[in-house]
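> The structure follows.
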Amino acid sequence: MPPHPDIVLPRLIAHRGLSAHAPENTLAAVRASFEAGFHWVELDVQLLGDGTPVIWHDPTLKRCSDGHGQIARLGLAEARKLDVGAWFGDAFRGERMATLDEMLELLSSLGMGVNLELKIGRNRSATELADVVIPRLLASLPPEQMILSSFDLSALAHARTLADASRLPIGVLTESVPQEWQPRCEALKAFSLHTDWTRLNATRAREIKDAGYRLLCYTPNDPAAFVRHWTWGVDSAITDDPSRFAGIAPPPEPPGR
Ligand code: G3P
Ligand code: MG
C-alpha cells in the first residue's frame with residue numbers, strides 16, 4: 001500500500017450533511033452534523049455553468065430548491081437567489097446554495113472531515129471539475145480530514161495526477177464492487193472503496209479489508225439491518241441519520257491499521 005495519511009475514520013459519516021434533519025448539501029446540514037457530534041460528512045460537488053464549484057447533488061434544481069432547470073445552465077448570481085432550504089422545512093427558509101469555497105471554510109473552521117464526491121453530470125467534463133476542486137480542497141484541509149471519491153474513474157485518475165497518495169486520499173465509489181476492483185484501486189493508489197451497502201457481501205468485504213483498503217458503505221439508514229456489515233469489517237457507514245446508529249456501531253478503529 002502507498003503511504004496514506006493516518007485518517008481516524010469515524011464509524012458514522014453524515015450523508016450530504018445531516019440530511020435526515022436539514023436540507024442536504026447545505027451549510028446548515030453540516031453545522032447540524034457537527035452539533036449532533038458527527039464530525040465527518042459526505043458532500044457532492046459539481047460546477048455551475050459559469051464554472052463555480054457548488055455543493056449540490058442533482059443535475060437539476062427542482063428537488064432541492066424553489067427553482068428549476070439545469071445546474072449546468074446557471075450562474076452564481078442566479079444560484080444565489082434560490083432558496084435551497086424551504087423545500088425541507090420552514091426552519092431552513094432562506095438557506096442559500098453553498099459554494100465549495102464557503103463549505104471548505106466552514107469545514108476547516110469546525111475541524112471537520114469530508115468525503116467529497118465529484119459528481120460528473122451527463123456531457124460534463126470530469127477533468128475540469130477535478131482541476132477546479134482539487135487545488136481548493138488541498139489548500140483548505142489537511143490530508144487527515146479528507147477523502148475524495150467519485151463514481152467516475154477518469155475524474156479520480158485525473159485527481160491522482162494532481163496530488164499523490166500521501167496528500168490526497170482517494171475513495172473508489174461503486175454501485176456494486178466489480179470483479180476488477182483491486183487493479184482499479186491499485187492504479188489510483190486508492191485509500192478506500194465505497195459501495196452500496198445492499199450489494200456488498202461478506203466474501204468481497206473481507207477481500208477488500210485483507211488487501212488493506214478502508215471499506216465504506218452508503219447509504220444504510222437501518223442500523224439493525226447493517227449489524228452484519230460491521231462484522232464483515234466495514235469501517236464506516238455513510239448514513240442520512242447517524243444518530244439512529246448510536247450504541248449499535250462498533251467503536252472506531254485506531255489509525256494506521
Ligand atoms: O458517496 C456516497 C453516495 O453519496 C453516493 O451516491 O447519489 O447519494 O451521491 P449519491
Ligand atoms: Mg454523494
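The values are calculated or read from the model by the stated rules, or taken from the named source; none is laboratory data. Being a predicted model, the structure only gives us computed values, none of them experimental. All Cβ positions, glycine included, derive from the backbone under ideal geometry; neighbour counts span all protein chains shown. Keep in mind that these areas ignore ligands, DNA and RNA; they rest on the heavy atoms of the full protein, side chains included. Shrake-Rupley method; radii C 1.70, N 1.55, O 1.52, S 1.80 Å.
> Divide by every residue of the chain the summed helix terms, -39500 (n - 2.57) for each DSSP H run of at least 4, and state the resulting mean residue ellipticity at 222 nm, rounded to the nearest 500 deg cm²/dmol.
-8500 deg cm²/dmol
> For an R0 of 30 angstrom, estimate the FRET efficiency from the Cβ-Cβ distance between D6 and E102 and round to the nearest 0.05.
It comes out at approximately 0.60.
> Over the chain, average the accessible area per residue using a 1.4 Å probe and give it in Å², no decimals.
Details: 10790 Å² over 257 residues.
So the chain comes to 42 Å² accessible per residue, rounded to a whole number.
> Additional query: Roll a 1.4 Å probe over the protein heavy atoms and report the accessible area of K62 in Å², nearest 10.
Its accessible surface works out to 150 Å², give or take rounding.
> Tell me the label-point distance for the pair S166, A86, using the 7 Å Cα-to-Cβ offset, in nm and rounded to one decimal.
According to this spin-label approximation, the distance is 5.2 nm.
> Given all pairs of different Cα atoms, what value in angstroms does the Kirkwood hydrodynamic radius of the stretch 38-81 take? Present the calculation step by step, with values, prior to reporting the outcome.
Details: mean 1/r = 0.0910 Å⁻¹.
Over the stretch 38-81, the inverse of the mean reciprocal pair distance is 11.0 Å.
> Still on this structure, I have one more. May I ask you to compute the full-extension gain from A187 to E175, defined as 0.36 nm times their residue separation minus their alpha-carbon distance, rounded to one decimal in nm?
Values: separation 12, 0.36 × 12 = 4.32 nm, distance 1.90 nm.
In short, 2.4 nm is gained.
> Oh, and also: Give me the percent of DSSP beta bridges within the chain that run antiparallel, rounded to the nearest 5. If you can, show how the numbers build up before the last one.
Working: 5 of 35 bridges.
About 15 percent, rounded to the nearest 5.
> Please give the net charge around V84, taking every other residue with its beta carbon less than 15 angstrom from that of V84, where Lys and Arg add +1 and Asp and Glu add -1. Don't skip to the end; give the middle numbers.
Values: positive: R16, R31, K62, R63, R80, K81, R93, R96; negative: E24, D44, D58, D66, E78, D83, D90, E95, E102.
Net charge around V84: -1.
> Hey, another quick one. Which lysines, if any, have their Cα less than 29 Å from the Cα of K81, not counting same-chain residues under 8 positions apart?
The qualifying lysines are K62, K119.
> Could you order H4, H39 by accessible surface area, starting with the largest, using a probe radius of 1.4 Å?
Working: H4 40, H39 80 Å².
My answer, sorted largest first, is H39, H4.
> Could you tell me, in Å, what Rg and Dmax come out for the Cα atoms of the chain?
That works out to 17.3, 50 Å for Rg and Dmax.
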